[in-house]
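One structure is given below, encoded as C-alpha cells.
The values are calculated or read from the model by the stated rules, or taken from the named source; none is laboratory data. Because the structure is predicted, anything quoted here is derived from the model rather than measured. Here the Cβ positions follow ideal geometry from the backbone for every residue, glycine too, while neighbour counts run over all protein chains shown. In case anyone asks, the SASA skips ligands and DNA or RNA and just uses the protein heavy atoms, side chains included. Shrake-Rupley method; radii C 1.70, N 1.55, O 1.52, S 1.80 Å.
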Amino acid sequence: TEKRPDCLVVGRSKNPPVVSFLLLQRAGMKQLELYGRVRYAVIIQGMSRRKAARMFGIDRRTVDKMVAFPEPPGYRRKKIPTRPKLDPYVGIIDQILEDDTKRLKKQRHTSKRIFERLRDEYGFAGGITIVKDYIFAARQRQREMFVPLSHPPGHAQADFGEADVIIAGVEYRAHYFVMTLPHSDACFVAAYPAATTEAWLDGHNRAFAFFGGVPQSILYDNDKCLVARILPDGTRQRTRAFSGLQSHYLFEDRYGRPGKGNDKGNVEGVVGYARRNFMTPRPRFASWDTFNTHLEEQCRNRQRDVLRGHRESIGARLVRDQEVLTALPPSSFDACDRLATRVNSLSLVRYRNNDYSVPVAFGHQEVWIRGYVHEVIIGCASEEIARHPRSYDREDYIFNPIHYLPLLEKKIGALNQAAPLVGWDLPDVFTTLRRLLEARTGKPGKREYVQVLRLLETFELNDLHGAIKDALRLSAISCDAIKHLVLCRIERRPPRLNLDIYPYLPRAQVATTSPASYMNLLADGAS
C-alpha cells in the first residue's frame, strides 16, 4: 500500500482481508479530512485554487472537484462498459432464462449449463465467469417484490403442515391444520393422520370453537378438498363438503394464486413456527386427542407473546378480532365425508381404498358411508348398520366378526377358515366351550358354538363371558343354558335350570351309599 497526499493506491498486499479493510477505512477517513480542509481553505478563507493545490500537494483539477461537491462524489462512469465477448450472446441467455420460468423448477438451466450450451452450440469463446456474473444479475432482476399488507380484524387464513409424531408408540407423518387471525396473529393448531376432507371440516369446527366465533372471510390454497375445479374466469367451483361447511357457518372464502404461498404469508409463517416450537422434538402422546389438547394449550400460551413491531400481546389484539367475529350456530357442522356405494358379495364396502364389513343381511344393497377423522359409519336408508375405527392404511380389511356369524351358522364348514374371526381376541373360556361342544356332538356342536357367539349381537362380552364360566362350573354346556345364565346375570336373579327341558344334557346319577360298599373298600385295602 502506497500513500500519497491526495489518494490511496491499493495494490497487492500480504495483509489478511480484515487488516486490508481497516487500512482502507482509515485511508478513507483521512481522505475525507483532507477534503474538508481544502474546501474550508478555498471557500471560507478565500485561498486561490492554484495555491491550495500547491499547499496540499494535490492536482488543481482535484481542488475543482472538492469545491464543486460537498462530499467526495466517487467514481462516475461516463459510458456503459462494453463486453465484446459476451454482448453478442446476451439475447440467447435472456431467452433461455425466460423459457426456464415456464418449466419445472428442478429442471431449469444452471449457469454452468448455459455456459456449456453457449460454447458448444453457439461458439462462445469467453470464460464462464462473465457468464455467471451476467446470469446472477439477470436473476436478481427477475426476483419478485412484495407489498407489505395490513390486516383488518375478523379475517382468517388456513392451511395444512406436516410433521413426524409418535402416537401410541407408532410413528406417523401427521398433517396439522392451522388457522390464523392475521390482525392479532392468534393461531389454532390441530393434528390429524391425513389432510383429508373430514380433517379440513373438523379443523374448522375446532378453530371456530377455539376463537369463539366465525371469521368474516378465510383465505385458502387451492386444495382439492376445497376446490373441485378452477374455472377459466378464475372463479372456484367448491366441493360439495366445503360448500356445506360454508353454508353452515356463512363465511366468505378467498383463494391465493396457484403455487403462490406468499399470498397467505401469515398462516405459512405459523405453519413453520408450530413445527419448530410445538413439535420439536418429535411429540410422543398416547392418542390423537391428547396430542391435540397439548397443541391447543400451546396456542393459548402463545397469546401472551408480544411480537416484533407491536406493543400489545397477541391476546390483547385478539379481543379486537373477537369483537367482529360472527356468532357460532347452535350446533357444529357434521364434519364427515359422504359417499354412496353398494355392499359386495363378501359383505364389504370400500371407502378410501379400504374395505369395511357390514352385517350379511345387507349384502348387495345400496348403503351410505360417513367418513369421520377417526371413525367410519355405514348405514342403509335411515338405519345405521355398522361403525368401525378409521384405517389410514391402503387395501386394509376392517372386520367386525359379529357381522358374519349368521352366515357362519349356515355355512359351518367355513368356521375354521373364516377371515373375519382371525385375530378375534376372546377369553379362554370360549375355546374351552367350543372344545366341549364339538367333543359331545361334532358338527352340530360347532353350530351351537356359533349360536353362543351370536348372543354377542344382543349382550355385552363381559356378561356373556361370565355366563359361560357359570355354565362350565354347572356343567350346563348348551346355548340355551348359557342364554338363561346371561339373562340371570343381567337381571340379577339366581339361575333356575330345569334339566327336564334339556334331555340331551348329560345327567349326574347320585345314589345313596350303603355300608356294604365301605366294607368292600376296607377289604380291598387289606388285601
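If a residue must be assigned to a loop (DSSP other than H, G, I, E, B) and either on the phi > 0 side of the Ramachandran plot or surrounded by 15 or more Cβ atoms within 10 Å (Cβ to Cβ) (or both), how many such residues does segment 296-345 contain? Steps first, please.
As a first pass, look at segment 296-345 and keep what is assigned to a loop (DSSP other than H, G, I, E, B): 303-313, 324-325, 327-336, 343-345.
Narrowing further to those that are either on the phi > 0 side of the Ramachandran plot or surrounded by 15 or more Cβ atoms within 10 Å (Cβ to Cβ) (or both): 303, 309, 313, 325, 328, 332-336, 343.
Residues meeting the conditions: 11.
When you check P420 against the structure, is it open to solvent by less than 60 Å² (accessible area, probe 1.4 Å) and in a helix (DSSP H, G or I), yes or no? If you could, list the steps in order and put the result at the bottom.
Values: open to solvent by less than 60 Å² (accessible area, probe 1.4 Å): yes; in a helix (DSSP H, G or I): yes.
Against the criterion (open to solvent by less than 60 Å² (accessible area, probe 1.4 Å) and in a helix (DSSP H, G or I)), P420 qualifies.
All of (1) crowded, with 17+ Cβ neighbours inside 10 Å; (2) out of contact with any Ser or Thr (no Cβ under 9 Å at 6 or more places or on another chain); (3) farther than 19 Å from S347 by Cβ; (4) touching a residue at least 12 places away in the same chain (Cβ under 8 Å) hold for A471 with one exception: (2). Considering only residues that are touching a helix residue (DSSP H, G or I) at 6+ places or on another chain (Cβ under 7 Å) and over 19 Å from R496 (Cα atoms), look in segment 453-464 and name the one that is surrounded by the most Cβ atoms within 10 Å (Cβ to Cβ). The qualifying residue surrounded by the most Cβ atoms within 10 Å (Cβ to Cβ) is L453. Filtered by the rule that a residue be exposed (fewer than 13 other Cβ atoms within 10 Å of the Cβ), of a type in the set (A, V, I, L, M, F, W, C) and in a helix (DSSP H, G or I), segment 65-112 gives A68, V90.
Restricted to segment 394-417, and to residues there that are under 36 Å from the mean Cα position of the chain (by Cα) and β-branched (V, I, T), the residue that is surrounded by the fewest Cβ atoms within 10 Å (Cβ to Cβ) is I402.
Only residues that are of a type in the set (S, T, N, Q) and in contact with a Phe, Trp or Tyr (Cβ under 9 Å, 6 or more places away or on another chain) were counted in segment 215-240, giving 3.
Of all residues in segment 240-266, those satisfying the criterion of being assigned to a loop (DSSP other than H, G, I, E, B), over 20 Å from the mean Cα position of the chain (by Cα) and in contact (Cβ under 8 Å) with a residue 12 or more places away in the chain are L250, F251.
Could we say that E448 is surrounded by 15 or more Cβ atoms within 10 Å (Cβ to Cβ) and over 20 Å from R493 (Cα atoms) here? Full working, then the answer.
Working: surrounded by 15 or more Cβ atoms within 10 Å (Cβ to Cβ): yes; over 20 Å from R493 (Cα atoms): yes.
Judged against the criteria, E448 is a match.
Among residues of segment 51-64 being farther than 22 Å from Y75 by Cβ and in contact (Cβ under 8 Å) with a residue 12 or more places away in the chain, the one that is least open to solvent (accessible area, probe 1.4 Å) is A52.
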